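Working notes for the structure below.
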Amino acid sequence: MTSYSPFETYLRNLIATAGPMPVSRYMELCLSHPEYGYYVTHDPFGREGDFITAPEISQMFGELIGLWSASVWNMMGMPEKVQLIELGPGRGTMMADALRALRILPAFYNAIEIHLVEHSPALRAIQRDTLADSRPVQWHQRLDDIPPGPAIILANEYFDALPVHQMVKTSYGWHERMVDVDDDTFSFVLAKEPTKGFDISVPPHVRAAPVGTIFEWRPTSEIMMLARRLRDHGGASLIIDYGHLRSDAGDTFQAIAKHAFADPLKAPGTADITAHVDFQALAQAAQDIGARTHGPVEQGTFLKTLGIDTRAQTLIKHSDPQGAEVIASALTRLTGTGPKAMGSLFKVLGISHPSIDALAGLSDQPPMGMAAQ
Ligand code: SAH
């Protein structure tokens with residue numbers, strides 16, 4: 001007899017009682033179940049963990065994002081108080097690096113009120129340690145729990161972790177892809193009936209795709225909430241993630257464990273499950289609300305415009321040869337275009353109040369003197 005983990009048993013029982021569940025529900029449970037969810041039970045980051053994110057690769061990333069935030073504050077007219085909000089801060093590394101860089105700009109530093117949106121108690125505890133020496137921090141379950149006010153909202157590798165729906169084209173229409181279980185294993189099946197009227201939600205160039213095509217979409221509630229906040233109270237947001245500039249067909253539902261791809265249906269709750277971000281869909285939803293969008297551009301271009309090469313040179317000058325090598329390889333990893341690098345796989349989208357007509361790194365405008373840092 002096969003033995004199942006408590007979480008597998010829980011999922012099997014759910015499916016036995018209620019029938020197959022949409023991929024989005026499976027993903028949500030695997031990541032966020034209050035007892036068994038991956039983010040609830042793991043610290044996924046770093047060499048020891050399952051994957052490594054840009055802020056964990058190098059301090060340069062968070063420092064530049066900090067200075068980007070300062071340039072937004074300038075464009076907002078330097079309000080006396082501004083919320084610096086981060087969605088899904090992981091270990092808190094990006095925020096810590098950003099705040100350290102911002103100490104040289106006391107007027108902005110003192111105006112900041114820090115808000116973190118994090119649902120994992122384990123990660124909140126790590127964030128508390130990482131940010132112990134900084135300004136006071138407030139945690140929230142959701143963006144909407146934060147009181148209204150002018151804001152700068154940062155999100156690195158957050159949207160890819162939000163549940164994704166997969167739709168499969170058949171000769172009858174688009175069917176939701178579901179997770180079922182047979183004797184031993186979880187497997188993908190299709191909802192019996194096509195989702196009525198889904199065709200109009202599919203971009204025209206994907207509508208005519210052959211039978212078997214997969215189209216992924218995410219609910220837009222989160223991005224709409226974010227855009228509405230910026231539209232009503234001012235400010236800007238920076239969304240960084242892996243994904244595609246244009247909406248397209250394709251199956252990007254994936255699991256990562258110990259720095260390698262894993263089967264998302266095997267050992268649920270023990271691997272990170274994600275899907276690429278559709279930047280066109282995000283930008284469209286934000287524009288529909290009445291916010292302005294900037295970019296998206298590739299991460300490599302964004303970081304170079306903000307002056308990452310200059311920052312790397314400065315750090316290298318003050319390092320021993322071994323340290324210099326680490327910095328040079330971090331720079332390549334963050335900005336390079338090779339298959340293992342993040343420079344073109346990751347994209348950066350800016351969203352702002354309509355009155356902000358350019359954001360540093362996301363337009364042709366000079367980056368507010370950042371390269372001099
Ligand atoms: N930004 C960090 C971590 C990325 S991992 C970095 O770049 O290193 C995704 C983060 O989002 C984790 O902190 C995870 O716990 C959080 N998260 C995922 N889904 C969430 C949700 N629905 N609500 C709040 N936080 C969430």
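Using a 1.4 Å probe on the protein heavy atoms, what percent of the accessible area of the range 251-329 belongs to carbon and sulfur? For the range 251-329, the apolar C and S fraction of the accessible surface comes to 54 percent. Working from label points 7 Å from Cα in the Cα-to-Cβ sense, the residue 16 to residue 317 distance is 6.7 nm.
The charge dipole of the range 242-309, taken about its Cα centre with unit charges on the Cβ of Lys, Arg, Asp and Glu (plus for the first two, minus for the last two), comes to roughly 120 debye. Computed over the range 24-70, the percent of Cα pairs more than 18 Å apart is 51. Under the simplified labelling scheme, the residue 172-residue 25 pair shows an inter-label distance of 1.9 nm, with each label point 7 Å from Cα along Cα→Cβ. Computed on the range 60-176, with alpha-carbon pairs under 8 angstrom and 6+ residues apart, the relative contact order is 31 percent.
In the elastic network of the chain, a GNM with C-alpha springs shorter than 10 Å, the most mobile of 195, 93, 53 is 195.
Taking the DSSP bridge list for the range 203-351 and keeping only pairs wholly inside it, about 90 percent are antiparallel.
Computed from backbone phi, the HN-Hα couplings of the range 5-18 come to 5, x, 5, 4, 4, 4, 5, 4, 5, 4, 5, 4, 7, 9 Hz, rounded to whole numbers (Karplus: 6.51 cos²θ - 1.76 cosθ + 1.60, θ = phi - 60°; Gly and Pro given as x). Over all directions, how big on average is the projection of the convex hull of the alpha-carbon atoms in the chain, in square nanometres? The directionally averaged projection comes out at 19.8 nm². Angle of helix 221-233 to the longest C-alpha principal axis of the chain, folded into 0 to 90 degrees and rounded to 10: 30°. Under the criterion of Cα pairs below 8 Å and six or more residues apart, the relative contact order for the chain equals 18 percent. Largest accessible area first, the residues 63, 56 order themselves as 56, 63 under a 1.4 Å probe with ligands, DNA and RNA left out.
Neighbours of residue 336 by Cβ distance under 13 Å: Lys/Arg scored +1, Asp/Glu scored -1, total +1.
Taking the Cα centre of the chain as origin and assigning +1 to Lys and Arg Cβ atoms and -1 to Asp and Glu Cβ atoms, the resulting dipole is close to 660 debye. Each Lys or Arg adds one and each Asp or Glu subtracts one; over the other residues with Cβ under 12 Å from the Cβ of residue 63, this totals +2. When the accessible area of the range 1-73 is computed with all protein chains present and a 1.4 Å probe, what percentage of it is carbon and sulfur? Looking at the range 1-73 in its full context, I get 52 percent from C and S. Applying 1/(1 + (r/R0)^6) with R0 = 25 Å to the Cβ-Cβ distance of residue 9 and residue 261 gives a FRET efficiency near 0.45.
Surface exposure of the chain, expressed per residue as accessible area with a 1.4 Å probe, stands at 45 Å². Normalised by the number of residues in the range 32-111, the average gap of Cα pairs under 8 Å and 6 or more apart makes the relative contact order 30 percent. Taking the charge dipole of the chain about its Cα centre, with +1 at Lys and Arg Cβ atoms and -1 at Asp and Glu Cβ atoms, the residue from 71, 9, 87 reaching farthest to the positive side is 71.
Considering only 158, 172, 36, the mean-square fluctuation computed in a Gaussian network model of the chain, springs between alpha carbons under 10 angstrom, is largest for 172.
Remark on the range 251-373: Rg and Dmax equal 18.0, 51 Å (Cα only). For the chain, DSSP calls about 60 percent of its internal beta bridges antiparallel. With the convex hull of the Cα atoms taken as the outline of the range 316-366, the averaged projected area works out to 5.4 nm².
Its Cα centre serving as origin, the range 6-83 has a Cβ charge dipole (Lys and Arg +1, Asp and Glu -1) of approximately 240 debye.
The values are calculated or read from the model by the stated rules, or taken from the named source; none is laboratory data. Given the structure is predicted, the values throughout are model-derived calculations rather than measurements. Counting neighbours? That spans all protein chains shown, and the Cβs are built from the backbone with ideal geometry, glycine included. Accessible surface areas use protein heavy atoms only, side chains included; no ligands, DNA or RNA. Shrake-Rupley method; radii C 1.70, N 1.55, O 1.52, S 1.80 Å.
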